[in-house]
Structure formats: structure tokens, C-alpha cells
Amino acid sequence: MSKRDYYEVLEVSKTASVEEIKKAYRKKAIQYHPDKNPGDKAAEEKFKEAAEAYEVLSDPQKRQRYDQFGHAGVGGAAGGGFGGGGMTMEDIFSHFGDIFGDMGGFGGFGGFGGSRSRGPRVRKGSDLRVKVKLTLAEVAKGVEKKIKVKKYVPCQECNGTGAAKGSQAVTCDTCHGSGRVTRVQQTILGAMQTTTECPTCGGDGTVIKNKCPHCNGDGIVRGEDVITINIPAGVMEGMQLSVSGKGNAARRGGVNGDLLVLIEEEEHPELIRDGNDLVYNLLLSVPTAALGDSVEVPTVDGKVKVTIAPGTQPGKVLRLRGKGLPSVNSYGTGDLLVNIGVYIPEHLNKEEKALMEKLAKLENMQPHQTAAKNFFSRVRNMFE
């Protein structure tokens with residue numbers, strides 16, 4: 001099932017400001033919040049869909065990629081995004097719960113949303129960036145790539161908890177497990193209350209007394225992973241895909257970062273890319289251009305024959321429809337443009353030179369022949 005347009009999901013225009021997008025997401029999230037719609041799977045999916053749209057449109061870089069390449073530019077065709085199962089409901093609350101901070105814990109609703117927005121923060125691992133080089137044939141068809149990346153992975157000794165074997169993290173005495181501390185300060189304007197990250201546990205809500213010696217309490221170590229990336233057809237140089245959850249692991253059991261895939265294209269020996277169109281420069285001999293012929297030209301699928309009409313002039317462009325590259329947004333396929341050029345030999349042997357001189361004499365006679373033809377044509381018209 002194809003994803004809906006993110007602007008349509010939030011019911012905003014493509015020129016909407018960040019504040020307008022935030023306001024629209026807030027409205028949708030309250031409307032479809034699980035606490036307002038208990039047991040309603042359709043509402044839950046709309047809640048996730050709104051979070052996915054906001055996650056992209058609230059980020060200037062992701063929004064730019066989405067505007068240019070659609071869902072494929074932000075992971076929609078590469079396995080990324082909330083809607084593809086990359087993040088859970090808890091992740092959504094931990095990432096965006098602050099939007100509802102002035103509404104008393106997610107719009108005053110209790111249960112899951114309220115407790116999650118006030119609970120300890122969930123750490124997110126850093127993103128990874130890799131480059132993938134594609135041939136023109138791979139761009140035309142789409143391709144599955146398996147790449148090995150060095151990254152932070154959960155520590156196997158402590159299962160990512162950061163605690164030594166036989167021990168576990170304990171509730172922080174400073175914040176009592178909330179991950180936040182509230183301070184009241186007297187000012188000239190009266191009492192001011194501020195809530196900040198707990199300085200003792202760093203927002204985790206727990207403290208490790210006995211650290212894992214293998215990871216020193218971080219819960220992550222250096223490792224490597226083989227990741228499968230499904231690259232859609234029609235991608236182009238400089239495009240960036242996002243694969244959710246395939247970046248670095250987070251400290252002590254948080255949410256993995258994303259894998260950002262930068263697309264590079266290998267130069268084709270004969271074809272030149274121009275958007276979704278392909279360009280081929282065909283060089284004809286003088287006799288072929290003058291007399292016409294059938295010649296072969298390359299495409300991404302192999303060679304095809306094209307007919308050269310007699311008297312074809314240099315600069316003429318032949319268009320082979322549908323022989324270009326598909327649009328990454330499934331808006332059709334480009335064409336193959338064959339630019340005609342005529343090869344003029346720099347050096348001639350005696351026989352070639354004689355033929356050229358004979359041709360030149362014939363061309364010099366052409367004006368007289370043309371005048372004669374025009375005369376007889378006028379005479380014929382008089383008797384018709």
C-alpha cells in the first residue's frame with residue numbers, strides 16, 4: 001500500500017511554516033491519541049502516520065529531500081520511517097512528547113501518553129552515512145545492495161544495559177526515576193519553576209553502580225553489521241535515502257540511529273544522463289547521412305536499431321520514447337535522445353579525394369539544374 005502525501009496527512013500546504021506544521025501535527029496527534037481512542041487500530045495507525053509526517057516535515061533537510069524525491073528520499077522506499085515499523089509508539093512519545101508539554105502531559109490525557117512524556121528520556125544513537133555507487137543499469141531497474149558497515153552495536157556481555165553481570169541499574173535517588181528535576185527559584189517576578197535533565201543520571205532515570213568492564217557502562221561497543229538496502233529505480237546522483245534504525249546503537253538500550261545512504265552514479269561509457277532522459281551522441285559518416293541507413297544505438301537494456309532518413313542533417317535529434325530512466329516517484333519514464341553528428345575526415349587518400357572532388361563539381365552544377373527545373377515547372381503550370 002502506497003503512503004499518503006505527508007502534507008495531505010497533516011492537512012497543510014507545501015509552503016507551510018515550521019510552526020504551522022507543528023500546530024497541525026499537534027492537532028492530529030490529539031485527535032488520534034491512543035488514550036482518546038482505546039483499542040482503535042485505525043486511530044493508532046493515523047497517530048503513527050501523523051508522527052511520521054511531522055518527523056520529516058519538521059526537519060529542514062528531510063523536508064527538502066522529500067519535496068525533491070518524495071517518500072524514496074526519506075526512506076519510504078528503503079525500509080525507513082515510522083510507518084514502516086522503524087519506531088514504536090514509545091519512540092514517538094519520547095521524541096515528540098515535548099510538543100505537548102504546555103498541555104499538562106499530552107493534552108491532559110492520562111495513561112500511556114502522559115506517563116511517557118514525563119518519564120526518563122530515551123536516548124537515540126547517532127546516524128551513519130555511507131556512499132553507494134550505482135551503474136546506469138542499476139538506476140534504471142532498482143537494486144538490492146548488501147553493505148558491511150562499522151558501527152556501535154549493543155554490548156553482548158551486558159546485553160546493552162551497561163551493568164556488570166550479576167548487577168543492574170538502580171533508580172536514581174536524585175530524580176526518583178523520572179530523569180528530570182524540578183527547581184523553584186524566587187525572582188522579582190515571583191516563583192519560577194523550571195524542569196531540567198537530572199544531572200546525576202543524565203536523564204536515564206537509573207544509575208549503574210557496577211559498570212560492565214567490557215563496555216565501561218555504556219552498553220555499546222564497536223562492531224560491524226551487514227545491512228541490506230533496497231534502492232528504488234530512478235534515483236540520481238546526490239540523492240540521500242534514509243534507512244530507519246540501522247545507524248549506531250544508543251547507549252544503554254535506547255533507539256538506534258538511522259543509516260543515511262548517499263547515491264553516486266558511475267559514468268556510462270556511451271550514455272549521458274539528463275534528468276530522466278538519456279542522451280547519446282551518434283556520429284554518422286557523410287554517405288550514411290546523405291543516403292540514409294539503419295544503425296544501432298545503445299540503451300540501458302542493450303542496443304536497438306534506428307532508421308536514418310536520407311539527407312539527415314547534423315544537429316537533428318531522434319527521440320526514442322520510453323528508453324530513458326524511470327522517475328523515482330513513478331511519474332513515467334524518460335526518453336533516449338540521439339544527437340546526430342556527421343564525421344568529416346581530416347585526411348583523405350587519393351581515391352577518397354577524387355570522389356570528393358567529383359562531388360564538389362556536381363554541387364557546383366546544382367544551381368543551374370535548379371534554375372532549369374524552376375523554368376520547366378513554370379511552363380508546365382501555364383498549360384495546366
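The values are calculated or read from the model by the stated rules, or taken from the named source; none is laboratory data. Here the structure is a predicted model, which is why all the values come from computation and not from measurement. With ideal geometry, Cβ positions are generated from the backbone for all residues, glycine too; neighbour counts draw on all protein chains shown. Surface accessibility is based on the protein's heavy atoms, side chains included, excluding ligands, DNA and RNA. Shrake-Rupley method; radii C 1.70, N 1.55, O 1.52, S 1.80 Å.
Structural remarks
- Where Glu267 falls short, out of the listed (1) in contact (Cβ under 8 Å) with a residue 60 or more places away in the chain; (2) within 30 Å of His71 (Cα to Cα); (3) surrounded by fewer than 17 Cβ atoms within 10 Å (Cβ to Cβ): (1)
- For the criterion of being under 16 Å from Leu271 (Cα atoms), loosely packed, with under 15 Cβ neighbours inside 10 Å and either under 41 Å from the mean Cα position of the chain (by Cα) or not basic (Lys, Arg) (or both), Val317 passes.
- Whether a residue is over 17 Å from the mean Cα position of the chain (by Cα), part of a loop (DSSP other than H, G, I, E, B) and either closer than 19 Å to Asn329 by Cα or touching a residue at least 40 places away in the same chain (Cβ under 8 Å) (or both) was assessed, and Ala233 does not pass this test.
- Of everything in region 1-37 that is part of a helix (DSSP H, G or I) and among the small types (Gly, Ala, Ser), the residue that is modelled with the lowest pLDDT is Ala29.
- Flag if Val122 is modelled with pLDDT of 85 or more, touching an Asp or Glu at 6+ places or on another chain (Cβ under 8 Å) and open to solvent by less than 90 Å² (accessible area, probe 1.4 Å): no
- Restricting region 274-289 to residues that are over 30 Å from Thr333 (Cα atoms) and surrounded by fewer than 16 Cβ atoms within 10 Å (Cβ to Cβ), the residue that is nearest to the chain's Cα centre (by Cα) is Ser285.
- Being part of a loop (DSSP other than H, G, I, E, B) and open to solvent by less than 70 Å² (accessible area, probe 1.4 Å) holds for only one residue in Gly217, Gly223, and it is Gly217.
- Selection from region 135-163 of residues that are open to solvent by 20 Å² or more (accessible area, probe 1.4 Å), in a loop (DSSP other than H, G, I, E, B) and not β-branched (Val, Ile, Thr): Gly142, Gln156, Glu157, Asn159
- Residue in region 323-338 that is buried (at least 16 other Cβ atoms within 10 Å of the Cβ) and without any contact (Cβ under 8 Å) to a residue 40 or more places away in the chain present: no
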